[in-house]
Amino acid sequence: MSVDAVTVRAARLRAQRLREPDLPDLPSAVGHLLAVQGQELRPTLWGLSRRLAPGARTGEAPQVTEPVALRALDEGAFLRTHVLRPTWHLVRPDDARWLLELTAPRVARTMASTEKQWGLGDPTAAIDAVADEVALGARTRPELAAALVARGLVADDAPGIVVTHVLMHAELRCVVVSGPTAQGQHTYVPFDERVPPGYGPLGGRFDREAAVLELWRRYLPGRAYATAKDLGQWCGLTLAELRAGLAVLLDTGEAVLVPGRDGLDGAALVSTPELHDAATRPTVPQQDVALPAAAPPSGPVVDLLCGYDEVLASYRETRGVLGDPRAPEPGRIGAFVHTVAVDGLLAARWRWPARPPHDGEVEVQWQRDPEPSERAAVRQAATALAAYLDAAVAG
């Protein structure tokens, strides 16, 4: 059975847990999505909090606020490192080692063109020095930069990209990973201090073919429908390798191939059988249902998304299903790097506030004329953001 853009968009919002959120805590949200792009850390953590079961957000269970989210990262419940692509991602500790083994070589090759342009050499000696430093305790980037200069491994007037690439390579080689915040700054600690031995779901030995299968198995449940190209852009692996793994899953019935139509013409979408069945199941008439159906939203649903939220970053070939036909996809203007979705369609950009929006407002650049009900829905979302951030001010 083929699927159209409306069906795919709704299925993605549910699979991503932006609709019907039911995840118990932030580490579970990270694990559900496998890896979460995270260079905009505070907006990323806010986005993850919106995927939690309502009780975890409203006080029926311990409320998730920004300090709670940052504390979980500090304590290593999930980690922040460079993996999949040359950018920060959040991952669970038991997923860090196998994902790095799988994707780090491709990330390093991607970095090589920049390193050649800057004339950067072999970073091994500098990485060894970084390992020596973090063995003595958590170190901030400025502290590690100073140590590299003191050892004569980095020039005092070297551009910042030199230290950046040294630290990225140290992450890719499983030497360092994120540690607790020190005076508001990100720190690095020894990788093995925070990541358990072995390769998580793969066991004690890394097997590349098994890792590609695990990648598909973990990617799809949080994405609903995606193409091999979508996954390739997300993880950085070659299409040949991904398609070989997909063929195995199709043969075993763990995945299904679904043609797209009506906005997805020509797309070969991959899903799990369970998610596809749920997305295409006929609606049961109300009189045949023993319990009343949940009331539909009384107005538009607004998501204040990080600019790199996984509902955006997980797809490239088929990201267009989020496009608002009334407006082009919002461009990034100045500090307005984040995205406002109205009923799942990209309608505006917003700026992360300098302080909690107590008046129920955030700064928004609309790409079309909003309805009054849409402005009201933005204020409602901003009020939730204020509650999430308020504890950071109070604490």
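Summary of computed values
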read-out: Boolean, ALA108 is in a helix (DSSP H, G or I), small (Gly, Ala, Ser) and within 30 Å of the chain's Cα centre (by Cα); value: yes
read-out: Qualifying residue in region 98-109 (condition: more than 20 Å from GLY76 (Cα to Cα) and without any contact (Cβ under 8 Å) to a residue 40 or more places away in the chain); value: yes
read-out: Single residue of region 141-179 satisfying the filter (touching a residue at least 40 places away in the same chain (Cβ under 8 Å) and assigned to a loop (DSSP other than H, G, I, E, B)) that is surrounded by the fewest Cβ atoms within 10 Å (Cβ to Cβ); value: PRO159
read-out: VAL258 being at pLDDT 95 or above, within 22 Å of the chain's Cα centre (by Cα) and not hydroxyl-bearing (Ser, Thr, Tyr); value: no
read-out: Pair list, Cβ < 7 Å and 6+ apart or interchain, from region 120-139 residues that are closer than 16 Å to ALA182 by Cα to residues that are assigned to a helix (DSSP H, G or I); value: GLU133/LEU144; GLU133/ALA147; ARG139/GLU133
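The values are calculated or read from the model by the stated rules, or taken from the named source; none is laboratory data. Owing to the predicted nature of the structure, the values given are computational and were not obtained by experimental measurement. Glycine gets a Cβ as well: all are built from the backbone with ideal geometry, and neighbour counts include every protein chain shown.
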